[in-house]
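J.: Take this structure, written in structure tokens, and hold onto it; I'll ask about it next.
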Amino acid sequence: MFILFGTKDRAVETDSGQFHCPNCNLKEEYGKKYVQDWFTLFFIPIFPISGKKNDHIECKKCESIYHLNVIDYKPALNEEEMESEYEKALKNVLCLMILADNKVEDEELNIVSEIYNKLTKNKKFTKNQIEKNIALVKKSTKNVQEYLKKIKPYLNAGHRELVVKAMYYVASSDGHLDAKESKLLMKTASVLDMTAAHVKGVLSELDQAKIN
Ligand SMILES: [Zn+2]
């Protein structure tokens with residue numbers, strides 16, 4: 001007989017209430033949650049193997065994830081839009097992809113702006129903001145794994161595919177995928193626990209869409 005064991009992230013709710021969700025732009029229910037890694041035996045969680053981490057607030061309506069300070073967010077007082085952790089991570093990984101081939105091309109900036117707008121239901125990521133974000137990513141030593149670590153447990157399968165698709169669009173905006181770009185693309189997919197076969201499927205769908 002063989003024994004199948006592994007690990008699994010579990011999100012545990014510790015509190016709930018009402019807040020102003022910046023994404024819904026309405027008063028909604030939230031859940032306060034933390035994440036913990038559990039040891040599993042035949043896919044059944046047996047005991048925790050990590051501390052409680054990534055305290056966060058999740059909107060029960062749109063499932064956006066926020067830093068705990070979102071509870072104090074008052075729409076009338078804040079000039080800048082409160083970003084969800086997903087939006088922040090998305091900006092950073094898209095900028096990483098722009099930098100993958102060591103050239104920042106106009107075409108790439110346009111595509112990132114467009115993709116970000118689509119993936120966030122019309123939020124703005126202007127050329128100017130992208131250039132500032134690129135400068136921050138350049139200065140930081142964080143890699144794609146570190147940027148995605150925090151939000152990964154909360155991304156559903158659809159989100160994960162969207163991130164990979166967006167990265168692919170940016171990488172191929174100049175007409176071809178160079179070695180560094182495809183390496184970063186596959187690294188992103190593996191950080192998101194997507195298999196090579198799954199990625200291939202997603203990308204061939206995109207190529208199909210281009211032809212049609
Ligand atoms: Zn919401």
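FYI, it's all coordinate maths here, none of it is from the lab. Owing to the predicted nature of the structure, the values given are computational and were not obtained by experimental measurement. Here the Cβ is made from the backbone with ideal geometry for all residues, glycine too, and neighbour counts use every protein chain on show.
J.: Once the dipole of the chain is set up with Lys and Arg at +1 and Asp and Glu at -1 on Cβ about the Cα centre, which of 186, 162, 4 lies farthest towards its positive end?
T.: Highest projection toward the positive end goes to 4.
J.: Checking the a/c ratio against 1.5 first, then a/b against b/c, what shape does the Cα gyration tensor give for region 53-147?
T.: Working: a/c = 2.06, a/b = 1.58, b/c = 1.30.
Here region 53-147 falls in the prolate category.
J.: Can you tell me how region 161-212 classifies by the Cα gyration tensor, rounded, prolate or oblate, using a/c under 1.5 as the rounded cut?
T.: Details: a/c = 1.96, a/b = 1.18, b/c = 1.66.
Cα axes put region 161-212 in the oblate bin.
J.: Rounded to the nearest angstrom and ordered from largest down, what semi-axes does the equivalent ellipsoid of region 94-156 get from its C-alpha gyration tensor (root of 5λ)? Kindly include the intermediate steps, with their values, before the conclusion.
T.: On the way: eigenvalues 73, 59, 19 Å².
Over the Cα atoms of region 94-156, the semi-axes work out to 19, 17, 10 Å.
J.: Can you tell me how the chain classifies by the Cα gyration tensor, rounded, prolate or oblate, using a/c under 1.5 as the rounded cut? Could you put the intermediate results ahead of the total?
T.: Values: a/c = 1.92, a/b = 1.15, b/c = 1.67.
Note, shape of the chain comes out oblate.
J.: Moving on. Quick one: grab Rg to one decimal and Dmax as a whole number for region 1-114, Cα atoms only, in Å.
T.: Cα only, region 1-114: 18.9, 62 Å (Rg, Dmax).
J.: If you don't mind, another one. Which chymotrypsin sites (Phe, Trp or Tyr not before Pro) does region 12-69 hold that lie in a coil by DSSP with at most 15 other beta carbons within 10 Å?
T.: In loop regions of region 12-69 (DSSP not H, G, I, E or B), the sparsely surrounded chymotrypsin sites (Phe, Trp or Tyr not before Pro) are 42, 43.
J.: Right, here's the next one. Where the centroid of each part is defined by its Cα atoms, how far is region 96-116 from region 163-212 in Å?
T.: Using only Cα atoms to place each centre, the spacing works out to 14 Å.
J.: Using each residue's phi in region 19-35, evaluate 6.51 cos²θ - 1.76 cosθ + 1.60 at θ = phi - 60° and report the 3J(HN,Hα) Karplus result to the nearest Hz, with x for Gly and Pro.
T.: In residue order, the calculated couplings are 8, 8, 6, x, 6, 6, 6, 8, 6, 9, 6, 10, x, 8, 9, 10, 10 Hz.
J.: Go through region 160-169 residue by residue and turn each phi into a ³J(HN,Hα) via Karplus (6.51, -1.76, 1.60, θ = phi - 60°); whole Hz please, and just put x for glycine and proline.
T.: Result, ordered by residue: 4, 5, 5, 4, 5, 4, 4, 4, 5, 4 Hz.
J.: Continuing with this model, one more query. What longest range of the chain stays clear of loop-exposed GluC sites (Glu not before Pro) (DSSP non-H/G/I/E/B, at most 11 other C-beta within 10 angstrom)?
T.: Answer from the scan: 81-212.
J.: Per DSSP H run of at least 4 residues, take -39500 (n - 2.57); add these up for the chain, divide by its residues and hand me the 222 nm value, nearest 500 deg cm²/dmol.
T.: Helices in the chain give a 222 nm mean residue ellipticity of -14000 deg cm²/dmol.
J.: Just to check I understand the Karplus step: with θ = phi - 60° and J = 6.51 cos²θ - 1.76 cosθ + 1.60, what whole-Hz values come out for region 201-207, glycine and proline as x?
T.: x, 4, 6, 5, 4, 5, 4
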